[in-house]
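Contents: one structure, followed by commentary.
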Amino acid sequence: MKKIITTIHNNEPIPLNKIPVLNPGEFTEELGALLSSKYHLSAYFADLQNELLYAVCSDAEKGLLYVLAGTIDSGQFISLTPRFPQTQLFEREIFEETGFTPVGHPWLKPVRFPPNSKYKIGEPPFFKMEGDEIHEVAVGPVHAGVIEPGHFRFQCHGEKVYHLEISLGYQHRGIEKKIVSGSNKKNLYLIETAAGDTTIGHTTAYTQILEYLTNNKVSISDNIVRSVALELERCANHVGDIGALAGDAGFLPTHAFCGRIRGDFLNMTALLCGNRFGRGLIVPGGIGYQISDSIIENLSVKIKKGLKEFLDASKLMFDNPSIVARFQSIDKLNLESSIDLGIVGPAARAAGITRDIRQDFAYGNYRFSSIPVSGHIRGNVYERAYVRWLEVQVSVKYILDQLKKLNNSDKTSEKSDNKELRPKKNSLIVSLVEGWRGQICHTAITDNEGNFRKYKIYDPSFYNWFGLAQALRNQQISDFPLCNKSFNLSYCGHDL
Amino acid sequence: MLKILKTRINQGYKTYNFPKKLPAMADFFKGLPQINSDNCGSCTLCIEECPVSAIEKLDGTISIDIGKCIFCNKCADICPENSIVFTKEFSLSTTEREKLLTNNVETFIKEREFKAEELGLFKKSFNIRVVSAGGCGACEADINVLNTLTFDLSRFGIHYVASPRHADGMIITGPVTKNMELAVKKVYQAIPSPKVVIAVGACAISGGLYADSCENYNGISDLIPVDLFIPGCPPNPYTILDGLLRLIGKIKS
């Protein structure tokens, strides 16, 4: 059988000339076959210069990534959205970025409203429902709370939401463009601020890409610190989310305690690098700071205390029947929809998809020390909260185990004998990381000099925003804040 | 109910007595820079390496514009003479943009002024509308955290309000993306006078990492005059709190 699908592993670079370029018909057929087998579409973008399409599907069972490349015929390609909903946003993005038209796409709405967009933000055509008593509720971009801007448009009849449309792009800063065209010295900092509360997640993916492109091995102890930082980021945000959910249900004790405990977890990250969000901790080649034994000791004590206080505060909420009843049976995103839409992260695990990059596509320290995956079934707000609650406990245990290893391990950097000075030329590489919201996917293509010719960043929010919109269907509009907080997606991670 | 009381006792009283008691910053915390330019000579390594071009050399003296600075420590790491040190001083706010170009902690603290007398109106009650205009989420998170127990913003009479009509001032985070321009302008117009504009974070002050791009402005000063600058990336919550309290006269210089 002709080999037309290229198989790589997470973080494995492959020369572009080893990826067979298919004609449009073959490309659509092969990608369709992969999506029919229920693999997750992790990356799908166009190379404007060479008029090529690239798609990466991930097979969680085997831990493999399938890469496809195809040509574009007269600026058009066949849309797969009618058969596979998870491609819809990717195709809209390709159209907005390059002008290549996916023929057959139901509605090519703008994604980020870049400067050259023919649409004006706030005014694109919205899906409308007609009827006598229908009313339309528009929220945003400036919301009631202190959160990032986005626009939500509800089509309602009475209290019931028939359709929610989410229009983003208010945070668009052009990061992908800057990484490719700007000076290299800014890149790491741009990645740090792509989604400011997921600094560790995104910088892990970026530095892994640079390291694997240059055969630069990261020492065992540095990898341990990276995994500790990633889990601390996960804990801080999950604790904050549970507090926020309690607040939205009107249960202030848990809301107040968790708000404070989240700050404590952020201060634990600051112990490692001086910055509560981990800026400067992860650098290409390793980590940016020396972690002394006293820091390890201090961190272990603080994290044990943090977990104890968190369990104490969250137990109040989970033991309270009225809060549990409020969370259950609302804003459901079931297993089938989650697979069809390509949902990732705790939201997917709450619906029954046991997909976790740390287990399925293990990278860094997770190759040596595995971490259990937390999941649930049914996919309501309750299950999304419960999965977060489980993940905090699992992560804290993991951090404590790793800190013990760190104390005993050799902290000097491993010498990389065949480290290359310049990144591999004309290669493609994909790095997957399990951020706290879910799968982070960075895909890079290098040019003749080894510089980035194309750099795609997929924050987990990119995959999940549509899931949030679907979960609101046939629900009460007053359940929206809870639904929004139970997903807690990033606006700037989507808008870049 | 009893369970809730018991949990409250277990959790303990956690509000930190700021500003009477000053907090201890983490070991690696980077605050105001202290620079000794005596051994600089013709070396310009720090200027070349700075990702946001925040470092200037005038008359042989190096200064850092902390309105652009992202506190990444690259300049301190690369200096062959160890002339640049980021101290633990977390009080970074000023009302004048020019004062953010600094190289001496003592001079910075002594020379800045706050218009506390003019803004005495807000000393007991200050309502703020927070608008994120392209912020990455970190400044927003650290602004939000001021409402939690440790900082307890409302004991100072400061509240974040949902409607600009109820607000006395506006906090902006992010470099102000073109897509948010109209929203920011509308919020500003909706706030009744007298009003105050506060820029939090390097992006809001100068565009930060995103300066000079077609997708956004170089901070909020491009659109409206700013009354208070709070530098950082993101500024530590104590930096933000210190700035707000100095602005309304709750901390006297």
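The values are calculated or read from the model by the stated rules, or taken from the named source; none is laboratory data. Predicted model, so just to flag it, every value in this text is computed and none were measured. Positions of Cβ are backbone-derived with ideal geometry, glycine not excepted, and every protein chain shown enters the neighbour counts. Keep in mind that these areas ignore ligands, DNA and RNA; they rest on the heavy atoms of the full protein, side chains included. Shrake-Rupley method; radii C 1.70, N 1.55, O 1.52, S 1.80 Å.
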Identify all residues within the range B:150-166 that are over 20 Å from the mean Cα position of the chain (by Cα) and crowded, with 19+ Cβ neighbours inside 10 Å; write none if there are none.
B:Pro164
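Each row is one residue, and each column tells you yes or no for (1) within 12 Å of chain A (Cβ to nearest Cβ); (2) at pLDDT below 90.
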| site | (1), (2) |
| --- | --- |
| B:Asp59 | no, yes |
| B:Gly67 | no, no |
| B:Phe71 | yes, no |
| B:Asn82 | no, yes |
| B:Lys88 | yes, no |
| B:Thr94 | no, no |
Please return the ranges of strands (runs of 3 or more DSSP E) entirely within the range B:44-115 where 3 or more residues are closer than 17 Å to B:Gly208 by Cα.
B:61-65
Selection status of B:Lys30, of a type in the set (Lys, Arg), touching a residue at least 24 places away in the same chain (Cβ under 8 Å) and either away from chain A (no Cβ under 14 Å) or under 23 Å from B:Phe229 (Cα atoms) (or both):
yes
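Quick test for you: out of B:Ala211, B:Ala204, pick the one residue that is under 26 Å from A:Ser461 (Cα atoms), more than 12 Å from chain A (Cβ to nearest Cβ) and not aromatic (Phe, Trp, Tyr).
Details: B:Ala211 fails: more than 12 Å from chain A (Cβ to nearest Cβ).
The conditions single out B:Ala204.
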Taking the range B:175-214 as the search range and keeping residues that are open to solvent by 10 Å² or more (accessible area, probe 1.4 Å) and touching a residue at least 60 places away in the same chain (Cβ under 8 Å), which one is farthest from the chain's Cα centre (by Cα)?
B:Pro194
Restricting to the range A:442-478, what's the tally of residues that are open to solvent by less than 10 Å² (accessible area, probe 1.4 Å), farther than 16 Å from A:Glu93 by Cβ and in a helix (DSSP H, G or I)?
4
Out of (1) touching a residue at least 12 places away in the same chain (Cβ under 8 Å); (2) surrounded by fewer than 19 Cβ atoms within 10 Å (Cβ to Cβ), the odd one out for A:Asn50 is which?
(1)
May I ask you to say which residue of A:Ile200, A:Ile261 is in a helix (DSSP H, G or I) and farther than 23 Å from B:Gly174 by Cβ?
A:Ile261
So for the range A:424-443 (the condition being among the acidic types (Asp, Glu) and at pLDDT below 90), does at least one residue qualify?
no
Out of A:Gly306, A:Gly250, sole residue that is surrounded by fewer than 24 Cβ atoms within 10 Å (Cβ to Cβ), of a type outside the set (Phe, Trp, Tyr) and either part of a loop (DSSP other than H, G, I, E, B) or within 10 Å of chain B (Cβ to nearest Cβ) (or both):
A:Gly250
With respect to the numbered conditions (1) more than 8 Å from chain A (Cβ to nearest Cβ); (2) in a helix (DSSP H, G or I), which one is the sole condition not fulfilled by B:Asn179?
(1)
When the range B:2-24 is examined, which residues are found to be open to solvent by 100 Å² or more (accessible area, probe 1.4 Å), in a loop (DSSP other than H, G, I, E, B) and under 19 Å from A:Gly259 (Cβ atoms)?
B:Tyr13
If you take the residues in the range A:326-354 that are assigned to a loop (DSSP other than H, G, I, E, B) and in contact with a strand residue (DSSP E or B) (Cβ under 7 Å, 6 or more places away or on another chain), which one is surrounded by the fewest Cβ atoms within 10 Å (Cβ to Cβ)?
A:Ile330
Can you tell me which of (1) at pLDDT 90 or above; (2) under 30 Å from A:Leu311 (Cβ atoms) is the one B:Asn10 doesn't meet?
(1)
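Touching a residue at least 24 places away in the same chain (Cβ under 8 Å), crowded, with 20+ Cβ neighbours inside 10 Å, within 18 Å of the chain's Cα centre (by Cα) and over 25 Å from A:Leu65 (Cα atoms): is that true of A:Val396 in this structure?
no
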Looking only at residues that are within 22 Å of A:Val146 (Cα to Cα) and open to solvent by less than 20 Å² (accessible area, probe 1.4 Å) in the range A:260-275, which one is farthest from the other protein chains (Cβ to nearest Cβ)?
A:Phe265
Scanning the range B:26-37 residue by residue, those in a loop (DSSP other than H, G, I, E, B) and either among the β-branched types (Val, Ile, Thr) or crowded, with 19+ Cβ neighbours inside 10 Å (or both) turn out to be B:Ala26, B:Phe28, B:Phe29, B:Lys30, B:Gly31, B:Leu32
Can you pull out every residue in the range B:136-173 that is part of a loop (DSSP other than H, G, I, E, B), within 7 Å of chain A (Cβ to nearest Cβ) and either in contact with a Phe, Trp or Tyr (Cβ under 8 Å, 6 or more places away or on another chain) or small (Gly, Ala, Ser) (or both)?
B:Gly137, B:Leu149, B:Thr150, B:Ala162
When you go through A:Tyr162, A:Tyr119 one by one, which is the residue that is more than 24 Å from the chain's Cα centre (by Cα) and within 14 Å of chain B (Cβ to nearest Cβ)?
A:Tyr119
Take A:Val225 and tell me if it is more than 9 Å from chain B (Cβ to nearest Cβ), farther than 30 Å from B:Asn10 by Cβ, open to solvent by 10 Å² or more (accessible area, probe 1.4 Å) and not charged (D, E, K, R).
no
Exception for A:Ser181 within (1) facing another protein chain (nearest Cβ under 7 Å); (2) modelled with pLDDT under 90 falls at (1)
Among (1) farther than 27 Å from A:Gly169 by Cβ; (2) surrounded by fewer than 18 Cβ atoms within 10 Å (Cβ to Cβ); (3) in contact (Cβ under 8 Å) with a residue 24 or more places away in the chain - the single one A:Ala69 does not satisfy:
(2)
Would you say B:Ser42 is in contact with a strand residue (DSSP E or B) (Cβ under 8 Å, 6 or more places away or on another chain), surrounded by fewer than 21 Cβ atoms within 10 Å (Cβ to Cβ) and farther than 30 Å from A:Gly278 by Cβ?
no
In the range A:122-146, which residues are away from chain B (no Cβ under 14 Å) and on the phi < 0 side of the Ramachandran plot?
A:Pro125, A:Phe126, A:Phe127, A:Lys128, A:Met129, A:Glu130, A:Asp132, A:Glu133, A:Ile134, A:His135, A:Glu136, A:Val137
Can you give me the number of residues within the range B:215-238 that are in a helix (DSSP H, G or I), buried (at least 24 other Cβ atoms within 10 Å of the Cβ) and more than 11 Å from chain A (Cβ to nearest Cβ)?
1
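Yes or no, residue by residue, for (1) among the hydrophobic types (A, V, I, L, M, F, W, C); (2) at pLDDT below 95; (3) on the phi > 0 side of the Ramachandran plot:
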{"position": "A:Asp401", "(1), (2), (3)": "no, yes, no"}
{"position": "A:Asn407", "(1), (2), (3)": "no, yes, no"}
{"position": "A:Asp410", "(1), (2), (3)": "no, yes, no"}
{"position": "A:Lys415", "(1), (2), (3)": "no, yes, no"}
{"position": "A:Thr446", "(1), (2), (3)": "no, yes, no"}
{"position": "A:Phe452", "(1), (2), (3)": "yes, yes, no"}
{"position": "A:Phe466", "(1), (2), (3)": "yes, yes, no"}
{"position": "A:Asn474", "(1), (2), (3)": "no, yes, yes"}
{"position": "A:Leu482", "(1), (2), (3)": "yes, yes, no"}
Would you call A:Asn216 open to solvent by 10 Å² or more (accessible area, probe 1.4 Å) and part of a loop (DSSP other than H, G, I, E, B)?
yes
